[in-house]
Structure formats: C-alpha cells, structure tokens
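Colleague: Here it is, the structure in full.
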Amino acid sequence: MIKSCVIGWPISHSRSPLIHGYWLKKFGIEGSYERIPVEPEKLPAFLHSLADNGFAGCNVTLPHKEQAFRLVTPADEPTERLGAVNTVFVKDGKVLGTNTDGEGFINSLRAGAPALGIRNSRVIVLGAGGAAVAITNALLLNGAGEVVVANRSIDKAENLRKRFGNRVKPLEWTKRNDQLSECELLVNTTSLGMKGQEDLQIDLTMLAPKAVVTDIVYVPLRTKLLAAAAARGNPVVEGLGMLLHQAVRGFELWFGVRPAVTIELHDLIARDIDPGYKT
Ligand code: ATR
C-alpha cells in the first residue's frame, strides 16, 4: 500500500484527493491519497515523520510552500531557485522537495492554447505573490521575451525583477490596461475573481485579438476575466488545467506511473467544482 496526501491549513477544499484518487483507480494501484490539515507550527514534525508514518510523499499547499522548502532537501536546481515546494517525496530515506506549479502552468497552456509560442513572447502577469513567482520563473525558463508584472504593491513586482532579471518589467497596478495591445499572453495570478472575492477590474478593449488569456483561479471554472476575453474572441485557458497538470509529476514520483490529464479527469473535477458543468 503506497500512501500520499495533501497538507495545508485549511485543506478541506482541496481537489487533489479527487485527482489522485481517479488515477489510482484507473491504474489499479493499491494506494491512498488523503487530505490532512497541518497547522504551520506542526509542519516540521509532520515532514520529519513522513517516512516513518508510511508516506511516499505529499503535496504541499497554502500556507506551507515556503516553510516546507526550508525543511526538505530541494530535489533540483529550479526548485532551489524558486524557494517553494508543492511536492515532497521520500527517496533513499531522504525527504526531497520539488515544485511542479511552473510545469503545470506551461503544460496547461500547451494543451489549451497550442498555437501560442512562449519563446520571445511578451506576457503580462497580474499579481506578484507566490503563484506569480512560480509562473514568471516558468515563463522565463521557457524563453519568454518579456514578463510585465503588474501588482498593487509595486515593490513586490520590483522584487521579481531583482530576482529574475531585466526581462521582468514591473508595472503600476493602475496602468494594467495600458500595455495590453502589445501582449501575447495575459495571466491573472491574483485571487481576484475567485468565488467570494472581489472581481478583477480590467478593460480588455486594447487587448490584441490573438492574445491568450489565462487565470489561475478555477472556482468558478470560467472567471469573469476569461468570459470577457472569450466574448471578444480571444483564446482562453481555464485555471483548472494548471491544477490538473501540476499533479502529474507527484503521482509519478510516489506511485511510479506517469498519468495523463484526460478529458474524463477534467470533467470529473469540473463537475465537483460546478455540479451543473456540461462538457
Ligand atoms: P499567492 O501566494 O497565492 O499568489 P498572495 O501572496 O497573497 O497569494 O498574492 C495575492 C496576489 O493578489 C498579490 O499580488 C496581491 O497584491 P499585493 O501584493 O499588492 O497584496 C494580489 N491582490 C489581492 N487582493 C488584491 C486587490 N484587491 N487588488 C489588487 N491586487 C490584489
């Protein structure tokens, strides 16, 4: 019996058990994937005893990603640079950590907007929190030419420039509409537009017709930003794709099989988010 889990605080809304449970069943693997609430003060003890408690690893979500990074051995150089982990695995008795958020984002874009070339592209990222860091890093690693980061607190966008170099261009939050005509990809990494949060205020009038628009928010599945973009004919990629694609490598590390993100899986999770969802 191979065990994994997702830890966070709170964790009750996580869809990861549904995703990994689907794959476990599909492959007939004798394994489990639980949802475990872990308070921040208890994170060191939890990770320390992970292997003793019979876990092959775990996913790590908010607010633990940075603290977990400091508690485990980074498994690779990109993770070391990022300073945050979302996937932990035990190997040769060692607790290692990696981050699959970036590849989840990129693979979701590749699947959802195959015509988009990231290399040399001009991207606008809204927000500069943890998700923006992982996404900006992934975009730059994939050759994006320029990543304009618009954030309410400009110092956080400035920190991204210091961290990743001059391909990152900080932009005042109030100027977020002004550079849309030049961009090929617009990404919302803020929580604005999420169910229960304020809406994201943005005017897409100047957005280039072929620009791809994506959102990390996946509740609702189609945010107002995505609906507005789709209504004017822009290609859109929903946030659920990133959630599904970031789960692939963790499953492979723990259970030894690389799973696929299928339409069946997508629809299963989409229906959990929105019971009225139709393919
Ligand atoms: P995460 O690590 O998940 O990305 P976060 O660090 O709290 O979460 O980041 C949330 C992002 O949403 C930030 O960029 C935040 O802007 P600030 O850095 O200025 O706080 C942005 N955000 C949240 N509420 C916002 C609002 N009402 N208007 C503009 N930006 C907002």
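The values are calculated or read from the model by the stated rules, or taken from the named source; none is laboratory data. Only a predicted model underlies this, so the values are computations on that prediction, with no experimental measurement involved. When we count neighbours, we look across all protein chains shown, and the Cβ atoms used for this are built from the backbone with ideal geometry, even at glycine. The accessibility values were calculated without ligands, DNA or RNA, using every heavy atom of the protein model including side chains. Shrake-Rupley method; radii C 1.70, N 1.55, O 1.52, S 1.80 Å.
Colleague: Which one is surrounded by the fewest Cβ atoms within 10 Å (Cβ to Cβ) among residues in the stretch 213-270 that are within 16 Å of the ligand (Cβ to nearest atom) and outside any helix (DSSP H, G or I)?
Modeller: The residue in question is VAL219.
Colleague: OK, next. Could you grab me the full set of residues in the stretch 93-108 that are modelled with pLDDT of 95 or more and out of contact with any His (no Cβ under 9 Å at 6 or more places or on another chain)? Steps first, answer last, please.
Modeller: Restricting attention to the stretch 93-108, the residues satisfying the condition of being modelled with pLDDT of 95 or more are 94-108.
Hits for the stretch 93-108 are LYS94, LEU96, GLY97, THR98, ASN99, ASP101, GLY102.
Colleague: I need the full set of residues from the stretch 133-157 which are within 11 Å of the ligand (Cβ to nearest atom) and surrounded by fewer than 24 Cβ atoms within 10 Å (Cβ to Cβ), in order please.
Modeller: Matches in the stretch 133-157: ARG152, SER153, ILE154, ASP155, LYS156.
Colleague: Is one or more of the residues making up the stretch 73-90 within 30 Å of ALA229 (Cα to Cα) and either more than 16 Å from the ligand (Cβ to nearest atom) or surrounded by fewer than 20 Cβ atoms within 10 Å (Cβ to Cβ) (or both)?
Modeller: Looking through the stretch 73-90, none of the residues is within 30 Å of ALA229 (Cα to Cα) and either more than 16 Å from the ligand (Cβ to nearest atom) or surrounded by fewer than 20 Cβ atoms within 10 Å (Cβ to Cβ) (or both).
Colleague: Tally time: how many residues in the stretch 112-129 are open to solvent by 20 Å² or more (accessible area, probe 1.4 Å) and either more than 27 Å from GLN201 (Cα to Cα) or not in a helix (DSSP H, G or I) (or both)?
Modeller: So the answer is 8.
Colleague: Confirm whether GLU172 is assigned by TED's automatic domain parsing to the domain that holds ARG232, charged (D, E, K, R) and within 15 Å of the ligand (Cβ to nearest atom).
Modeller: On the way: assigned by TED's automatic domain parsing to the domain that holds ARG232: yes; charged (D, E, K, R): yes; within 15 Å of the ligand (Cβ to nearest atom): yes.
Yes, satisfied.
Colleague: Just name the residue that is farthest from the ligand (Cβ to nearest atom) out of those in the stretch 190-206 that are charged (D, E, K, R) and closer than 18 Å to TYR218 by Cα.
Modeller: So the residue we want is LYS195.
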